[in-house]
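Structure first, commentary second.
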There are 4 protein chains.
Amino acid sequence: MPLAAGRISELGSAVTNPVHIHHSQVSFADTDCSSWLHFPKIFRHVEEAEHTFLAGQGIPVIDRELGGWPRVHVSCDFKRPLCFGDKIEVQLGIERIGAASVSWIFEVLKDGEVYAFGKMTTVRVDNQGKPLVIDEETRVKLGADGNRPADPT
Amino acid sequence: MPLAAGRISELGSAVTNPVHIHHSQVSFADTDCSSWLHFPKIFRHVEEAEHTFLAGQGIPVIDRELGGWPRVHVSCDFKRPLCFGDKIEVQLGIERIGAASVSWIFEVLKDGEVYAFGKMTTVRVDNQGKPLVIDEETRVKLGADGNRPADPT
Amino acid sequence: MPLAAGRISELGSAVTNPVHIHHSQVSFADTDCSSWLHFPKIFRHVEEAEHTFLAGQGIPVIDRELGGWPRVHVSCDFKRPLCFGDKIEVQLGIERIGAASVSWIFEVLKDGEVYAFGKMTTVRVDNQGKPLVIDEETRVKLGADGNRPADPT
Amino acid sequence: MPLAAGRISELGSAVTNPVHIHHSQVSFADTDCSSWLHFPKIFRHVEEAEHTFLAGQGIPVIDRELGGWPRVHVSCDFKRPLCFGDKIEVQLGIERIGAASVSWIFEVLKDGEVYAFGKMTTVRVDNQGKPLVIDEETRVKLGADGNRPADPT
């Protein structure tokens, strides 16, 4: 059951098969005294994209009983500086769904150009932080059948 | 049993009776594109002062069983801009200890001058968020006997 | 030229004369280990409301040549806890426009109920941080003629 | 002139040749509603380590005239969760000094165990954001002669 995986295109133009596109804006609170976006804040917008996608698919993001999806790896390349007020688009794709993990890829675009791109790997854990095999229903919602999930948002 | 309360001096020179003095530094992550400290970040440093004081007195800050101390009021006046790298001192005082609440006052100084000052009121709550009367032992640790608690930090 | 000022209603039900209503959502990044919104993050949403209003009125928020609007006072009362995913509404009003300052009031609502409310005073400064008298054009855009500005957003 | 580069050991036990060790603590403001450190906050502590090292070597971190060191790449692997109050140690090493860039490596330890590790690449830019060749004096301060710089902090 191969996954029609998202990929960051070689030219960096776009995630080829996004599961979700999230529109956002760089807040004053996202900037630092270089006048650019403070680099860790890119993950705020990417995580909002991920959570909006999960919620839209009916997958719990965090739950005191059911656990959640902590990150075990993140990376980001910054191509151009983002500034206060910039309207951005986070294209979110899924590169791979493992037994208990999801490898996300993302690109952050402004005016159709890539400003940042990267990866995040999240792990499905129970409420004690122990890894859990991702159940079949969730795998389908994540698109593991090779079809892009319907994005209701 | 009157409290020898901390007060912000009329001249704003210092909390007259600090229970704790916390030394810190303005991080790059605290600034915004005005090149000054992003105003809500002042509360990070003040909260660190409060938590260091509480921990030093053996008062739990947050506990899944015992609850914690959420804020019901905060205020801050900003007198001068703080910038990246500034070494600051948070003087923390207690203005009043109520049945279930603590009214903190603070001043943030640099080179002996007040850059910001304000108040925070925290409420003692159980792990369901319901207010709890502050027990006598905690009141003594907070200095409700009118004596400044020994600050072991 | 009296200002038909915004007021926080005595019952705390709503800013009576909002200049702007901003819809937002509590992000994972806004929460802390109490599982509630980390209190300083309320100001992120309020500042986004302010900046969206200013931008909508064509008033520069920050500019290397023209300066900006730093805060000299902020306060907030927290009535109920906000949690991850909560859809919120920031009602923003103007209480007073001074020679060089604007006194904002705000309420943060969820499902029609007030969760937090407070004030912020910003000062118009030049690019050296020196206070500037607010020009007539800006005063009109802010609604100093007693009419609620048309909110184009 | 080969660089006696820092390396993240295969067993992940420590940066083999740290240029700086930074002690810090996980603040309440660093956590999220999973009760763990919110992942992007790891970079706050790592960046503080970097900036403390640079300042200690007399290398400007940011300057309106001289420019600064924005990031073009960051990555982090998270091995174990960090929680509020945890005392941490950031071991910072330099993997490579390029013509205009520095490749940093880091490990975040608690009680001698690695909780997170990763990389950051910063680029030396002028005050317009254009890359600048790193001058010889700075290269020596960074340890490009193969000797670990004396760390005065």
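Numbers below:
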item	result
Any hit, the range D:55-75, residues being in contact with a Leu (Cβ under 8 Å, 6 or more places away or on another chain) and within 26 Å of A:Thr121 (Cβ to Cβ)	no
Positions within the range D:51-88 being closer than 27 Å to D:Ser34 by Cα and out of contact with any helix residue (DSSP H, G or I) (no Cβ under 9 Å at 6 or more places or on another chain), in sequence order	D:His73, D:Ser75, D:Asp77, D:Lys79, D:Arg80, D:Pro81, D:Cys83, D:Asp86, D:Lys87
Boolean, C:Arg64 is farther than 25 Å from C:Asp30 by Cα, more than 12 Å from every other protein chain (Cβ to nearest Cβ), out of contact with any Phe, Trp or Tyr (no Cβ under 7 Å at 6 or more places or on another chain) and among the basic types (Lys, Arg)	no
Condition broken by D:Ser24, with the remaining ones in (1) touching a residue at least 60 places away in the same chain (Cβ under 8 Å); (2) surrounded by fewer than 20 Cβ atoms within 10 Å (Cβ to Cβ); (3) part of a helix (DSSP H, G or I) satisfied	(3)
Those residues of the range B:56-71 which are of a type in the set (A, V, I, L, M) and either free of Cβ contacts under 8 Å to residues at least 12 places away in the same chain or in contact with a strand residue (DSSP E or B) (Cβ under 8 Å, 6 or more places away or on another chain) (or both), in sequence order	B:Val61, B:Ile62
Filtered residues of the range A:88-99 (kept if more than 13 Å from A:His45 (Cα to Cα) and either touching a residue at least 40 places away in the same chain (Cβ under 8 Å) or in contact with a Leu (Cβ under 6 Å, 6 or more places away or on another chain) (or both))	A:Gly93, A:Ile94, A:Glu95, A:Arg96, A:Ile97
Pairs where the first residue, in the range B:28-43, is farther than 18 Å from D:Glu47 by Cβ and the second is open to solvent by less than 20 Å² (accessible area, probe 1.4 Å) and aromatic (Phe, Trp, Tyr), C-beta under 8 Å, 6+ apart	B:Phe39/C:Phe43; B:Pro40/C:Phe43; B:Phe43/C:Phe39
Within the range A:67-78, tally of residues that are within 24 Å of D:Gly118 (Cβ to Cβ) and either aromatic (Phe, Trp, Tyr) or more than 8 Å from every other protein chain (Cβ to nearest Cβ) (or both)	2
Selection within the range A:27-49 - within 14 Å of the chain's Cα centre (by Cα), open to solvent by less than 30 Å² (accessible area, probe 1.4 Å) and more than 10 Å from chain D (Cβ to nearest Cβ)	A:His45, A:Ala49
Per-region count, the range A:27-49, residues within 23 Å of D:Trp69 (Cα to Cα), in a helix (DSSP H, G or I) and of a type in the set (Val, Ile, Thr)	1
Residue match in the range D:103-122 (condition: touching a residue at least 24 places away in the same chain (Cβ under 8 Å) and under 18 Å from D:Glu65 (Cβ atoms))	no
Selection status of B:Pro18, open to solvent by 30 Å² or more (accessible area, probe 1.4 Å) and either in a strand (DSSP E or B) or farther than 26 Å from D:Ile42 by Cβ (or both)	no
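The values are calculated or read from the model by the stated rules, or taken from the named source; none is laboratory data. Just so it is clear, the structure is predicted and the values come from calculations on it, not from any experiment. Cβ atoms come from the backbone with ideal geometry, glycine included; neighbour counts cover every protein chain shown. Remember, those area values only see protein heavy atoms, side chains included, never the ligands or the DNA or RNA. Shrake-Rupley method; radii C 1.70, N 1.55, O 1.52, S 1.80 Å.
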